[in-house]
Structures are given as structure tokens and as C-alpha cells.
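Take a look at the structure below.
The values are calculated or read from the model by the stated rules, or taken from the named source; none is laboratory data. Every value quoted in this text rests on a predicted model; they were computed, and no experiment measured them. For neighbour counting, all protein chains shown are included, and Cβ atoms are generated from backbone atoms with ideal geometry for every residue, glycine included.
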Amino acid sequence: MAKKEKLNYEEIVQKPKFKQLMDNKKKFIVPFTIFFLIFYFTLPIMTSYSEVLNTPAIGDISWVWIFAIAQFVMTWTLCTIYVRRFAKFDVDADDILKDEGVEQE
């Protein structure tokens, strides 16, 4: 990575492109985090304070097992979406650095 001079990070964070990048990241991360935490903590809360998930769903399989498996599916899905979305954010960050004269390899 070659640079024309030392980067002034305080100046970069004041630029509109950087602020837009941070806003876009926040608009993505905050709702995903809230969804994940609600979905994740629903299982222990519902099994501790309710009998709803103990009822049979399919034969002897109760809703608690379906919910637990759904958490694995949710985790893999959110991870896949996260990686794909942040690839775009990486491109935007590279553009900001390119504007500052930093060449990416």
C-alpha cells in the first residue's frame, strides 16, 4: 500500500463519503443486531417462563427443538448476508482511501 503522505484520519472522518459509509453501516448493523438478540433470547425466556414451546409440533418433536434449529439457520443466514453486504462496504472504504491518494493492491 503506497501513500503520498501520512493520512489525516481526523480529516477523513469529516468528509461526506465517510459519514455516508458509516450511516449505511449503522443502518445495516443495528437492525440485524436487534433482530439477532431478540430471536436468540426468546428461546431461553420462553422455555423458562412459558410452556408454549413444550407442546408437540410434529409427532414427538416439540416446538422448542424447531426453534433451536431455527436459531442455527438464522445464524448462518445472517452471517452470509453480513459477509456479502460488507464486501460492498469494503469497496466503499477503498474508494474513500483512493480519494485520499492511497493505492490498494
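Quick notes
- Segment 47-69, residues that are surrounded by 11 or more Cβ atoms within 10 Å (Cβ to Cβ), without any contact (Cβ under 8 Å) to a residue 12 or more places away in the chain and either touching a Ser or Thr at 6+ places or on another chain (Cβ under 9 Å) or of a type outside the set (Val, Ile, Thr) (or both): Asn54, Ala57, Ser62, Trp63, Trp65
- Looking only at residues in segment 10-25 that are in a helix (DSSP H, G or I) and basic (Lys, Arg), the one that is surrounded by the most Cβ atoms within 10 Å (Cβ to Cβ) is Lys25.
- Taken together, Phe28, Phe32, Phe36 contain a single residue that is under 30 Å from Glu100 (Cα atoms), touching a residue at least 24 places away in the same chain (Cβ under 8 Å), of a type in the set (A, V, I, L, M, F, W, C) and assigned to a helix (DSSP H, G or I), which is Phe28.
- Where a residue in segment 89-105 is farther than 16 Å from Lys25 by Cβ and of a type in the set (Lys, Arg) and its partner, wherever it lies, is assigned to a loop (DSSP other than H, G, I, E, B) and modelled with pLDDT of 75 or more, with Cβ under 7 Å and at least six apart: none
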